[in-house]
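Below is one structure, written out as structure tokens; comments come after it.
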Amino acid sequence: MKKFKSVMNVLLDVVIVLFLVCAAVILFVSLSQKVEKPGSVSQLFGYTFRSVQSESMEAYDENGNPAEGAFFKGDIIICKVTGDVNETYEVGDTVLFQMPITRNSDGTFAECAPPEAMEVIYVTHNITEVVT
């Protein structure tokens, strides 16, 4: 009976630790999504969490299997925030950038020049070509 009780105590401790770890991850993600001011990206310890919103970053190999390094709708991406416009990027890098938009009456939006922009959204994409 004592052995059973000690095994149950260990299992209960494991469940509690897993619960606390999950709660900490949820708190971490929730806090990282809070934006302090318009036009800024929310970040925690220099990183920001983003979810893939469309199929535009999906890639498949010649057999129709998901390609290595591809992102799919619903995936969570952890981005390092550098803010360095002189940073050099290469094909295959994933970047997060600001895109000024104007919203249409039907809920869609269009990219526009900053003077006409109603708001700024953040877009995550893979670099497919570097033009100098």
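The values are calculated or read from the model by the stated rules, or taken from the named source; none is laboratory data. Keep in mind the model is a prediction, meaning the values are calculated, not measured. Because the Cβ atoms are built from the backbone with ideal geometry, glycine has one as well, and the counts that use them run over all protein chains shown. Just so you know, the surface numbers come from the protein's heavy atoms only, side chains and all, with ligands and any DNA or RNA stripped out. Shrake-Rupley method; radii C 1.70, N 1.55, O 1.52, S 1.80 Å.
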Answer residue from region 45-60, given it is open to solvent by less than 60 Å² (accessible area, probe 1.4 Å) and either out of contact with any strand residue (DSSP E or B) (no Cβ under 9 Å at 6 or more places or on another chain) or hydrophobic (A, V, I, L, M, F, W, C) (or both) and is nearest to HIS125 (Cα to Cα) among those: MET57
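Conditions (1) at pLDDT 80 or above; (2) more than 19 Å from the chain's Cα centre (by Cα); (3) basic (Lys, Arg), marked per residue:
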{"position": "PRO38", "(1), (2), (3)": "no, no, no"}
{"position": "SER42", "(1), (2), (3)": "no, no, no"}
{"position": "LYS73", "(1), (2), (3)": "yes, no, yes"}
{"position": "ILE78", "(1), (2), (3)": "yes, no, no"}
{"position": "CYS112", "(1), (2), (3)": "no, yes, no"}
{"position": "PRO115", "(1), (2), (3)": "no, yes, no"}
{"position": "TYR122", "(1), (2), (3)": "no, no, no"}
Candidates THR88, THR102, THR94, filtered to the one that is open to solvent by 50 Å² or more (accessible area, probe 1.4 Å) and either over 22 Å from THR48 (Cα atoms) or touching a strand residue (DSSP E or B) at 6+ places or on another chain (Cβ under 6 Å) (or both): THR94
Test result for ALA110, touching a Phe, Trp or Tyr at 6+ places or on another chain (Cβ under 7 Å), aliphatic (A, V, I, L, M) and over 29 Å from LEU44 (Cα atoms): no
